[in-house]
1. Just one of ALA51, ALA33, ALA47, ALA18 is open to solvent by less than 70 Å² (accessible area, probe 1.4 Å), more than 22 Å from the chain's Cα centre (by Cα) and in contact (Cβ under 8 Å) with a residue 24 or more places away in the chain; which is it?
2. Yes or no: region 136-146 includes at least one residue that is touching a Phe, Trp or Tyr at 6+ places or on another chain (Cβ under 9 Å), in contact (Cβ under 8 Å) with a residue 24 or more places away in the chain and within 24 Å of ARG13 (Cα to Cα).
3. Taking the residues in region 173-206 that are open to solvent by 30 Å² or more (accessible area, probe 1.4 Å) and among the small types (Gly, Ala, Ser) as candidates, determine which candidate is farthest from ALA18 (Cα to Cα).
4. Determine which member of the set VAL209, VAL298 is modelled with pLDDT under 90 and open to solvent by less than 20 Å² (accessible area, probe 1.4 Å).
5. Can you find a residue that is in a helix (DSSP H, G or I) and of a type in the set (A, V, I, L, M) anywhere in region 60-72?
6. For ASP234, indicate whether it is in contact (Cβ under 8 Å) with a residue 24 or more places away in the chain, surrounded by fewer than 16 Cβ atoms within 10 Å (Cβ to Cβ) and among the charged types (D, E, K, R).
7. Given the residues ALA383, ALA378, ALA355, which is the only one that is part of a helix (DSSP H, G or I) and in contact (Cβ under 8 Å) with a residue 40 or more places away in the chain?
8. Hey, could you check region 237-258 for residues that are in contact with a Phe, Trp or Tyr (Cβ under 6 Å, 6 or more places away or on another chain) and outside any strand (DSSP E or B) and say which is least open to solvent (accessible area, probe 1.4 Å)?
Amino acid sequence: MKIHEYQAKEILRQFKVAVPTGKVAFSADEAVAAAEEIGGSVWVVKAQIHAGGRGKGGGVRLARSLDEVRQHAQGMLGMRLVTHQTGPEGRTVKRLLVEQGINIARELYVGITLDRARSRNVVMVSTEGGVEIEKVAAEAPEKIVKEAVDPALGLMPYQARSLAFALNLSGDAFKNGVGFLTALYRAYLSTDASLAEINPLVVTAEGAVLALDAKMNFDDNALFRHPDILALRDLDEEEPLEIEASKYNLNYIKLDGNVGCMVNGAGLAMSTMDIIKLAGGQPANFLDVGGGANAETVRHGFEIILSDPNVRAILVNIFGGIVRCDRVAQGIIEAAKDVKVSLPIVVRLEGTNAAEGGKLLEESGMSFTVAHGFRDAAVKVVAALQA
């Protein structure tokens, strides 16, 4: 689950992570009131959407008077903000963060996430703050320094100091940087976050170290332990079809293609998308119906796939390990009748009772295309697009 920058900063503040003084605003009047309460003579007005690259899209603006705060707020609220992460459709700005101006001396980067290859959390830092970390990794990977954290010990003081040295911090900035990294890791671990990213992490002319920006994502499977974080969910920022799928415990992610995919198992779903592309098609979604696929889950899957107007054919790819393929086939037949699917449907069944399942589909009197093999399924669904 993703949250807004201002929400992430509120969480970080609870763990003594240094962040600028700021307030959320939902109107131009609230933005001006926030600036007055913050005080000073320089403020930053920041659009709040679940995407990076806001500054390049005009979503971060400096104000040197209350009139400018109002002007920027009026210009941003309701605007369609397009960044490299939103796609061309962009996101509508419905809330703002007004923050104090900061006397920035340097911009750095710090991020924490899980390194699945090591089965450990990893803290990454770079002197190249303010730049997309993917770009740094591609063009100057030597500028990214990592520390893998032993889960039994946590982030050790020597590791925090090593990272601070890697950022070329010294004096008060070094001391503050070590404290910042330690507190950030504590916040990441305590909230069951899957990502904590500060870009940029800034050093001020006075030696303070602050999170000028903050991004936090959380493990959905751990949210039952954090009802306060779950309450921060902003459904306006999420894809409606993904929200609908979550009601039925379906793992769905909308994509830009025209081949709807219904698969059991995340790994098989990813492989299915890959082989569709290799066959010349474009997957319209990732949809994992889980290991216990039945008529009800398949029906909901069809309903969600068909809600995407770009879908022109559907590939159902089921491996019968725990579940029996003949039962899945019967579920597909019942669901297709209930939902009244009119698009071409290619079905590939493999595993327990796959032959029986294929026979049921072929004798159903419906226009299913039964595939025999992974590649055959991809070739047939792409051919159905061109028919």
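1. Numbers: ALA51 fails: more than 22 Å from the chain's Cα centre (by Cα); ALA33 fails: in contact (Cβ under 8 Å) with a residue 24 or more places away in the chain; ALA47 fails: more than 22 Å from the chain's Cα centre (by Cα).
None of the other options fit; the residue is ALA18.
2. Checked region 136-146: no residue is touching a Phe, Trp or Tyr at 6+ places or on another chain (Cβ under 9 Å), in contact (Cβ under 8 Å) with a residue 24 or more places away in the chain and within 24 Å of ARG13 (Cα to Cα).
3. This residue is SER194.
4. Residue meeting the stated conditions: VAL298.
5. Filtering region 60-72 down to residues in a helix (DSSP H, G or I) leaves 66-72.
Restricting the remaining residues to those that are of a type in the set (A, V, I, L, M) gives 66, 69.
Looking through region 60-72, at least one residue is in a helix (DSSP H, G or I) and of a type in the set (A, V, I, L, M).
6. On the way: in contact (Cβ under 8 Å) with a residue 24 or more places away in the chain: yes; surrounded by fewer than 16 Cβ atoms within 10 Å (Cβ to Cβ): no; among the charged types (D, E, K, R): yes.
For ASP234, the condition - in contact (Cβ under 8 Å) with a residue 24 or more places away in the chain, surrounded by fewer than 16 Cβ atoms within 10 Å (Cβ to Cβ) and among the charged types (D, E, K, R) - is not met.
7. Details: ALA383 fails: in contact (Cβ under 8 Å) with a residue 40 or more places away in the chain; ALA355 fails: in contact (Cβ under 8 Å) with a residue 40 or more places away in the chain.
Sole residue among the options that is part of a helix (DSSP H, G or I) and in contact (Cβ under 8 Å) with a residue 40 or more places away in the chain: ALA378.
8. Quick first cut of region 237-258, residues in contact with a Phe, Trp or Tyr (Cβ under 6 Å, 6 or more places away or on another chain) only: 242, 245, 253.
Adding the requirement that they be outside any strand (DSSP E or B) leaves 242, 245.
Details: GLU242: 59, ALA245: 0 Å².
Among those that are in contact with a Phe, Trp or Tyr (Cβ under 6 Å, 6 or more places away or on another chain) and outside any strand (DSSP E or B), it is ALA245.
The values are calculated or read from the model by the stated rules, or taken from the named source; none is laboratory data. The structure displayed is predicted, hence computed values, not measured ones. When we count neighbours, we look across all protein chains shown, and the Cβ atoms used for this are built from the backbone with ideal geometry, even at glycine. Areas reflect the complete protein model, heavy atoms only, side chains present, ligands, DNA and RNA absent. Shrake-Rupley method; radii C 1.70, N 1.55, O 1.52, S 1.80 Å.
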